[in-house]
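Working notes, structure below.
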Amino acid sequence: MMPSARRTRILIVDDSAVMRSLLRSVVAADAQLEVAGTAVDGAAALQSIAALPPDLMLLDVEMPVMDGLTTLKRLRAAGYRLPVIMCSGLTQRGARVTIEALSTGAADYVAKPTAQESRDAAVRTLAGQLLPKIHALVRRTRAQILPAAPARPATHSAVAAAPAILAIGVSTGGPDALEKLLPALPAHFPLPVVIVQHMPALFTSMLAEHLNKSCRLRVREAAEGLAVVPGNIFIARGDSHLEVLKASTAGHSTTLHLTNAPPENYCRPAVDVLFRSLAAAYGGSVLAVVLTGMGSDGLAGCRVLREQGATVLAQDEASSTVWGMPGAVAAAGLTHRILPLSEMAPEILRLSAARPSEACALREAAV
């Protein structure tokens, strides 16, 4: 009989006995997972981690003795590279600390269940959020990362145009990726920037606040009717789709529009919604970038953009936390270039500075 595959070992770190019990139940319900151990604070976790050792850590944000952010920083300083998922309460402080943790090396987060009718309901809610993330992150960690295959030449016949707007779609691993990419854009960057990052409303406002401290451009959460002009980075508000529409009044060519239409790809905001609106408002004058994330949100939107002649870049597998979203776009042959995150900003600057004829030549030279 063939030996069974080793189960993924999870370390649970939370000061709440109730939350530790819920997380134990979630892990125990999945035959591919097992609890490596539990700890009531970050200090206890760091003391025990070498003896366990876990494949992934579930880490509470707010704890006595040593909080989640301090624990994460000390974990990384000690050389441990295992994926960490933060477990955050939906509070102002919880969201702010979670964003900082995500921007400094945590892979993802889950929101602690609130106002559940029963313990079983809380476990189901938590499992629905947590299990897909655990499996995606562990697959990514264990997989052998190979150089990404070049995108297939596109067959679309639309004529390319110089970009008039930069659009970014991102999910798992996004805050860390954005923390590396956006500060590289100079104060004179000529394009407005619109971003969909999969997060709840409280978290997207905190993300914008956090990024605004490190960026030369103004970063803010999207709001209804704002003019889409250079000098600004707009982050879609959680639980609202973001669209860019042609303005109905003189003075500004496009404005932001928020909608509560049903989720797409299980997401609201969804990258596909934003990208479709950009195709309608800008035609081929869009530079679309798809960064790290689970799932395939952005794939359909990139297809529409390519039909209009827009330019599409995707993050490569080796630098992605999860190569779901950019991998789907790359596999469909919709990308002009597949780049490591470290090379994304220089390519964006190269393309955004080009005149129309130059943009077409530069873009097509990379296919």
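Table for the structure above
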read-out: Single residue of Ala107, Ala78, Ala50 found to be farther than 21 Å from Ala17 by Cα, in contact with a strand residue (DSSP E or B) (Cβ under 8 Å, 6 or more places away or on another chain) and either surrounded by fewer than 16 Cβ atoms within 10 Å (Cβ to Cβ) or not β-branched (Val, Ile, Thr) (or both); value: Ala107
read-out: Residue check, Val123 of a type in the set (Val, Ile, Thr), outside any loop (DSSP other than H, G, I, E, B) and at pLDDT 90 or above; value: yes
read-out: Selection within the stretch 187-204 - touching a helix residue (DSSP H, G or I) at 6+ places or on another chain (Cβ under 8 Å) and either hydroxyl-bearing (Ser, Thr, Tyr) or at pLDDT 95 or above (or both); value: Phe189, Pro190, Leu191, Val193, Val194, Ile195, Val196, Gln197, His198
read-out: Any pair with Cβ under 7 angstrom, 6 or more apart, that starts in the stretch 15-37 at a residue that is without any contact (Cβ under 8 Å) to a residue 24 or more places away in the chain and ends at one that is among the hydroxyl-bearing types (Ser, Thr, Tyr) and buried (at least 19 other Cβ atoms within 10 Å of the Cβ); value: Arg20/Thr38
read-out: Verdict on Arg355 being of a type outside the set (Asp, Glu) and either open to solvent by less than 30 Å² (accessible area, probe 1.4 Å) or at pLDDT below 95 (or both); value: yes
read-out: Answer from Met19, Met66 - the residue that is crowded, with 19+ Cβ neighbours inside 10 Å and more than 25 Å from Arg139 (Cβ to Cβ); value: Met19
read-out: Count of residues meeting criterion [closer than 20 Å to Val322 by Cα, among the hydrophobic types (A, V, I, L, M, F, W, C) and surrounded by fewer than 23 Cβ atoms within 10 Å (Cβ to Cβ)] in the stretch 268-293; value: 0
read-out: Filtered residues of the stretch 81-93 (kept if surrounded by fewer than 17 Cβ atoms within 10 Å (Cβ to Cβ) and closer than 18 Å to Arg9 by Cβ); value: Arg81
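Residue-by-condition table, conditions (1) open to solvent by 20 Å² or more (accessible area, probe 1.4 Å); (2) at pLDDT 95 or above:
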residue: Met1; (1), (2): yes, no
residue: Leu11; (1), (2): no, yes
residue: Arg24; (1), (2): yes, yes
residue: Val27; (1), (2): no, yes
residue: Leu33; (1), (2): no, yes
residue: Ala39; (1), (2): no, yes
residue: Leu58; (1), (2): no, yes
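Table: residues versus (1) open to solvent by less than 40 Å² (accessible area, probe 1.4 Å); (2) closer than 25 Å to Phe189 by Cα; (3) modelled with pLDDT of 95 or more; (4) not aliphatic (A, V, I, L, M).
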{"site": "Ile235", "(1), (2), (3), (4)": "yes, yes, yes, no"}
{"site": "Leu256", "(1), (2), (3), (4)": "yes, yes, yes, no"}
{"site": "Gln315", "(1), (2), (3), (4)": "yes, yes, yes, yes"}
{"site": "Trp323", "(1), (2), (3), (4)": "no, no, yes, yes"}
{"site": "Gly327", "(1), (2), (3), (4)": "yes, no, yes, yes"}
{"site": "Ala331", "(1), (2), (3), (4)": "no, no, yes, no"}
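The values are calculated or read from the model by the stated rules, or taken from the named source; none is laboratory data. Predicted, not measured: the structure shown is a model, and the values here were computed from it. For neighbour counting, all protein chains shown are included, and Cβ atoms are generated from backbone atoms with ideal geometry for every residue, glycine included. The protein model used for the area step is the full one, side chains on, heavy atoms only, and it has no ligands, DNA or RNA in it. Shrake-Rupley method; radii C 1.70, N 1.55, O 1.52, S 1.80 Å.
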